[in-house]
Amino acid sequence: MQRYFIPEENKKNDIITVDGDDAHHIVRVMRMQVGDKIICNPPNTTGAICEIVQIDEHAVKAKIIEWLNNNTELPVFVTIAQGLPKGDKMDLILQKGTELGASAFIPFQSKRSVVKWDARKVDKKITRYAKIIKEASEQSHRNYLPEIKSIMNLKELIKESETYHVKIIAYEEEAKTNSFQSFASIVSKLSIGDKVLICIGPEGGFSPEEVHSLKEHHFIPVRLGPRILRTETAALYALASISYQLEELGGQ
């Protein structure tokens, strides 16, 4: 059953209006008719099964039939702070990171990021990223839409980190040593509801100065397995590991 995230103003009592691209998807792509059922997700809900009762040129109206109570969210809130990667790698990180349960994403301008965002295009990029996240959330039946924050520099990222319980740097140099901080040991100590910030560098990794600054502000450098991962792989490895530990082994 198709799932659509709906703004609060589109819910009036037990009737939900689906408009814009989502209405187009229902009518033109899915070829749905009156009587067909969809799942609608107003904010701060786990979603509801709805029956289509009216189809207009630009909108679809559906009646709430049954509220759902299934929770598909990770038991901890994980934010991925991603050093700007090259090409379309950020699209992949956002899409797959959303499927794996990330709560938020922070693009940040790392010293070794080859990519430099044009300030005039930031809003346009964030809007496109939000669309990628929405589509991935609907496909994976998330209960809530992950947040995409505006681009930050290292100083802004450190300030943002003050609200987190656990702060981690995926640091490739840790993978090259016999004496390293285990990511698994940190994950095994997480408690339900913890806020976790995982900071991942761009293709060139972190500079020594960045690592020093992050360590000074209580970020823990860890290795993500014994192999050196590409920047677009690291977030997915971390999220999958957390999901396995807390949802599969933990029986959540």
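The values are calculated or read from the model by the stated rules, or taken from the named source; none is laboratory data. None of these values were measured; they are calculated from a predicted model. Positions of Cβ are backbone-derived with ideal geometry, glycine not excepted, and every protein chain shown enters the neighbour counts.
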message: Condition first: acidic (Asp, Glu), touching a residue at least 40 places away in the same chain (Cβ under 8 Å) and either farther than 29 Å from Leu74 by Cα or in a loop (DSSP other than H, G, I, E, B) (or both). Can you find one or more residues in the range 29-37 that meet it?
response: no
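Determine which member of the set Val27, Val60, Val115 is over 20 Å from Glu135 (Cβ atoms), of a type in the set (A, V, I, L, M) and either in the same structural domain as Leu197 (by TED's automatic domain parsing) or more than 15 Å from the chain's Cα centre (by Cα) (or both). Don't jump to the end; show me each part of the working.
Numbers: Val27 fails: over 20 Å from Glu135 (Cβ atoms); Val60 fails: over 20 Å from Glu135 (Cβ atoms).
Every option except Val115 fails the conditions.
Somewhere in the range 200-218, is a residue more than 19 Å from Lys111 (Cβ to Cβ) and either outside the structural domain of His25 (by TED's automatic domain parsing) or out of contact with any Phe, Trp or Tyr (no Cβ under 9 Å at 6 or more places or on another chain) (or both)? Please lay out each step first, then the result.
Of the residues in the range 200-218, the ones more than 19 Å from Lys111 (Cβ to Cβ) are 218.
Restricting the remaining residues to those that are either outside the structural domain of His25 (by TED's automatic domain parsing) or out of contact with any Phe, Trp or Tyr (no Cβ under 9 Å at 6 or more places or on another chain) (or both) gives 218.
Yes; the residues of the range 200-218 include at least one that is more than 19 Å from Lys111 (Cβ to Cβ) and either outside the structural domain of His25 (by TED's automatic domain parsing) or out of contact with any Phe, Trp or Tyr (no Cβ under 9 Å at 6 or more places or on another chain) (or both).
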statement: The lone condition Glu248 fails out of (1) touching a residue at least 60 places away in the same chain (Cβ under 8 Å); (2) over 22 Å from Ser110 (Cα atoms) is (1)
Members of the range 1-27 found to be farther than 12 Å from Asp56 by Cα, of a type in the set (A, V, I, L, M) and crowded, with 19+ Cβ neighbours inside 10 Å, listed by number: Ile6, Ile16
statement: Out of (1) closer than 26 Å to Lys195 by Cα; (2) in a helix (DSSP H, G or I), the one Lys124 does not meet is (1)
- prompt: Which pairs have Cβ atoms under 6 Å, sit 6 or more apart or on different chains, and link a residue in the range 89-116 that is part of a helix (DSSP H, G or I) to one that is hydroxyl-bearing (Ser, Thr, Tyr) and buried (at least 18 other Cβ atoms within 10 Å of the Cβ)?
  reply: Leu94/Tyr129; Thr98/Ser137
